[in-house]
Amino acid sequence: MPVDNPVIPEGMKKIHRELEALAAANAEIRKLGIDVSKSNADGSWQLPMPARYIVDQQQVIRYAAVNADYMVRPDPNETIAALEKLGK
């Protein structure tokens, strides 16, 4: 299925912030010695949560899959079904 709409990369922190899809880096990350603040222009310890959105041409979110657990991702078939439903 061709996609004619732009895809927002996970690294766009501003959009993640607006959609409330940011999580604070947890103690495990800090214990590993990973300084998240050095990678963020604002010096924060926030990380984007894995997220997938379908936004219509009126900029209304029609589908959202967000999970604070970075190991949990939406099934691609679920996203395709949501796209097909919107196309009807």
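The table below gives the values:
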| read-out | value |
| --- | --- |
| Unmet criterion (only one of (1) at pLDDT 75 or above; (2) exposed (fewer than 12 other Cβ atoms within 10 Å of the Cβ); (3) polar (S, T, N, Q)) for N5 | (1) |
| Which listed residue is in contact (Cβ under 8 Å) with a residue 12 or more places away in the chain and out of contact with any Pro (no Cβ under 7 Å at 6 or more places or on another chain), from P48, P76 | P48 |
| Selection count where residues are surrounded by fewer than 10 Cβ atoms within 10 Å (Cβ to Cβ) and among the small types (G, A, S), scope region 21-42 | 3 |
| Filter result for the condition that a residue is in contact (Cβ under 8 Å) with a residue 40 or more places away in the chain and surrounded by 11 or more Cβ atoms within 10 Å (Cβ to Cβ), over Y63, Y53 | Y53 |
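The values are calculated or read from the model by the stated rules, or taken from the named source; none is laboratory data. Note that the structure is a prediction, hence the values are computed from the model and not measured. Counting neighbours? That spans all protein chains shown, and the Cβs are built from the backbone with ideal geometry, glycine included.
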